Amino acid sequence: MTTTPSPTPFSRIKVRTGALVFCGDDVALIRRDRADSTHYTPPGGNVEDGEDLDIALARELAEELGLDTAQAEGGDLLWVADQRVTRPGPTPPPRKLHLIYRFHITPGLRATLAEEEHDKQPDGSHEVGVIEWIDYRKTADLPIFPPIGPALAALPDPRAAVTNAALPAITDENYTWV
């Protein structure tokens with residue numbers, strides 16, 4: 001009898017594209033309220049096998065915000081975060097690379113975007129996330145995943161150049177899964 005070995009933690013790599021969508025000094029974040037915690041995420045999601053990164057980002061922003069990236073300014077890669085965090089559940093966690101892009105939109109376009117995001121769960125239900133527009137300078141202490149709050153709050157302005165796109169690695173030593 002042949003047994004299939006269990007995958008080891010971090011032996012698979014997933015890529016997640018996400019975006020900081022700015023309207024002036026406000027940035028769109030998705031607030032997820034759970035029974036024992038609340039956290040925020042930038043809009044985005046996993047890249048599907050073989051999918052182009054720009055297409056994946058455009059798809060995710062359309063799904064979550066109703067944003068057509070052709071109507072936004074920017075789209076430059078701002079940060080990369082390497083995640084190797086153990087998480088609850090029976091499936092060994094993948095290593096995940098978070099690619100964080102930046103867009104700017106007008107108040108008129110912002111007024112047309114979604115106020116909620118419905119994330120389909122494996123059981124077919126949906127988790128509702130609330131789209132919040134938060135002054136980027138007030139994000140340092142927010143529970144954001146990936147943990148970009150301090151770097152985001154430290155930007156001199158929403159259009160500031162970033163000289164180092166690599167954020168600190170996210171590991172069990174500096175992050176606890178919520």
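Helix 53-65 against the longest principal axis of the chain: what's the angle in degrees, Cα atoms only, rounded to the nearest 10?
Tilt relative to the chain: about 70 degrees.
First select every other residue whose beta carbon is under 12 angstrom from the beta carbon of Leu53; then total the charges, Lys and Arg +1, Asp and Glu -1.
-3
Could you state, as a whole-number percent, how many of the C-alpha pairs of the range 86-144 are farther apart than 13 Å? Mind showing how you got there, number by number?
Working: 1369 of 1711 pairs.
In whole percent, the share of Cα-Cα pairs in the range 86-144 beyond 13 Å is 80.
At 7 Å along the Cα-to-beta-carbon direction for both Ala154 and Thr91, put a label point, then send me their distance in nm to one decimal.
3.3 nm
Residue by residue through the range 163-172, which ³J(HN,Hα) values in whole Hz follow from phi under the Karplus form 6.51 cos²θ - 1.76 cosθ + 1.60 (θ = phi - 60°), with glycine and proline marked x?
Per-residue couplings from phi come out as 8, 10, 7, 7, 8, x, 4, 9, 10, 4 Hz.
Percent relative contact order of the range 27-73, based on C-alpha pairs within less than 8 angstrom and at least six residues apart? Kindly include the intermediate steps, with their values, before the conclusion.
Numbers: 43 pairs, mean separation 11.3, N = 47.
With pairs under 8 Å counted, the relative contact order is 24 percent.
Loop by DSSP (not H, G, I, E, B), at most 14 other beta-carbon atoms within 10 Å: where is the longest site-free stretch of the chain for GluC sites (Glu not before Pro)?
In the chain, the maximal stretch lacking such sites is 52-114.
Please give the contour-minus-distance gain from Arg12 to Ala165: 0.36 nm per residue of separation, less the Cα-Cα distance, rounded to one decimal in nm.
52.8 nm is the gain from fully extending Arg12 to Ala165.
Please report the net charge: other residues with Cβ closer than 13 Å to the Cβ of Gly24, K and R +1, D and E -1.
Value of the local net charge: -2.
Please identify every one of the trypsin sites (Lys or Arg not before Pro) in the range 111-178 that sits in a loop by DSSP and has no more than 14 other beta carbons within 10 Å of its own beta carbon.
Answer in residue order: Arg159.
Compactness ratio of the range 79-177: Cα Rg over 2.2 N^0.38 Å, N = residue count?
Details: Rg = 15.9 Å, N = 99, 2.2 N^0.38 = 12.6 Å.
Taking N as the residue count of the range 79-177, the ratio is 1.26.
Among the lysines, select those whose C-alpha is under 16 Å from the C-alpha of Lys14, and discard any that sit fewer than 8 residues away in the same chain.
Lys96
Report relative contact order for the range 1-101 in percent, whole number only (criteria: Cα-Cα under 8 Å, sequence separation at least 6).
35 percent
Let me have the 222 nm mean residue ellipticity of the chain computed from DSSP H runs of 4+ only, each contributing -39500 (n - 2.57), with the sum over all residues rounded to the nearest 500.
Mean residue ellipticity at 222 nm (helix-derived): -3000 deg cm²/dmol.
Taking Cα pairs under 8 Å and at least six residues apart, what relative contact order does the chain come out at, in percent?
29 percent
How big is the shadow of the Cα convex hull of the chain, averaged over all directions, in nm²?
11.9 nm²
Bear in mind these aren't lab numbers, they're just calculated from the coordinates by the rules spelled out. It should be emphasised that the depicted structure is a prediction, and the values quoted were computed from it without experimental measurement. We place every Cβ from the backbone using ideal geometry, glycine too, and count neighbours over all the protein chains shown.
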